[in-house]
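Notes follow the structure.
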Amino acid sequence: QVQVVESGGGLVQAGGSLRLSCAATGNIRSINVMGWYHQQPGKQRKLVAAITSDGSTNYADSVKGRFTISRDNAKRTSYLQMNSLNAEDTAVYYCNVRITRLWSDVEYDYWGQGTQVTVSS
């Protein structure tokens, strides 16, 4: 089994910063992609940022220049540094990992339980 655990959410004032962490453990041979998504009430879950195993990154237009995704492959952990937060960033943030298991070439997606980020204006 694979477990994905997020941490670092909370309440912050507009203009402030937060750093989210996502750790993956379990039956993992490699983590191909680590991504952060957010979901606002009544809306679909959307990609915020993603990073591949070789360090290539992809960001939603709304967070470019404000958020930075990184990963520590040895720790199987990704981080989302969020700066200049505004009320529109308020959402539940979910970590997604795309992994291959030991003794397999098949890719699987796993999600964390989500962490709430609330930005007060």
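Within segment 34-55, the set of residues being closer than 17 Å to residue 115 by Cα, in a loop (DSSP other than H, G, I, E, B) and either in contact (Cβ under 8 Å) with a residue 12 or more places away in the chain or open to solvent by less than 60 Å² (accessible area, probe 1.4 Å) (or both) comprises 40, 45. Residues in segment 1-14 that are open to solvent by 30 Å² or more (accessible area, probe 1.4 Å) and part of a strand (DSSP E or B) were compared, and the one that is nearest to residue 80 (Cα to Cα) is 7. Just so you know, in segment 56-74 the residues that are free of Cβ contacts under 8 Å to residues at least 12 places away in the same chain and polar (S, T, N, Q) include one that is nearest to residue 92 (Cα to Cα), and it is 58. Any chance segment 108-116 includes a residue that's modelled with pLDDT under 95, surrounded by fewer than 16 Cβ atoms within 10 Å (Cβ to Cβ) and assigned to a loop (DSSP other than H, G, I, E, B)? No. Checking the conditions here, which among 120, 53, 84 is among the small types (Gly, Ala, Ser) and touching a helix residue (DSSP H, G or I) at 6+ places or on another chain (Cβ under 8 Å)? Selected residue: 120, the only one of 120, 53, 84 that is among the small types (Gly, Ala, Ser) and touching a helix residue (DSSP H, G or I) at 6+ places or on another chain (Cβ under 8 Å). Going residue by residue through segment 87-106, is there one that turns out to be surrounded by fewer than 13 Cβ atoms within 10 Å (Cβ to Cβ), farther than 22 Å from residue 41 by Cα and without any contact (Cβ under 8 Å) to a residue 60 or more places away in the chain? For segment 87-106, residues surrounded by fewer than 13 Cβ atoms within 10 Å (Cβ to Cβ), farther than 22 Å from residue 41 by Cα and without any contact (Cβ under 8 Å) to a residue 60 or more places away in the chain: present.
Just a yes or no: is a residue in segment 37-47 within 20 Å of residue 110 (Cβ to Cβ) and of a type in the set (Gly, Ala, Ser)? No, that holds for no residue. Among the residues of segment 74-86, those identified as over 12 Å from the mean Cα position of the chain (by Cα) and surrounded by 13 or more Cβ atoms within 10 Å (Cβ to Cβ) are 76, 83, 84, 85, 86. Could you check, for segment 15-33, whether at least one of its residues is without any contact (Cβ under 8 Å) to a residue 12 or more places away in the chain, surrounded by fewer than 18 Cβ atoms within 10 Å (Cβ to Cβ) and assigned to a loop (DSSP other than H, G, I, E, B)? So far as segment 15-33 goes, no, none of its residues is without any contact (Cβ under 8 Å) to a residue 12 or more places away in the chain, surrounded by fewer than 18 Cβ atoms within 10 Å (Cβ to Cβ) and assigned to a loop (DSSP other than H, G, I, E, B).
The values are calculated or read from the model by the stated rules, or taken from the named source; none is laboratory data. None of the values given here were measured: they were computed from a predicted structure. Glycine gets a Cβ as well: all are built from the backbone with ideal geometry, and neighbour counts include every protein chain shown. Please note that ligands, DNA and RNA were not included when accessible areas were found on the heavy atoms of the full protein model with its side chains. Shrake-Rupley method; radii C 1.70, N 1.55, O 1.52, S 1.80 Å.
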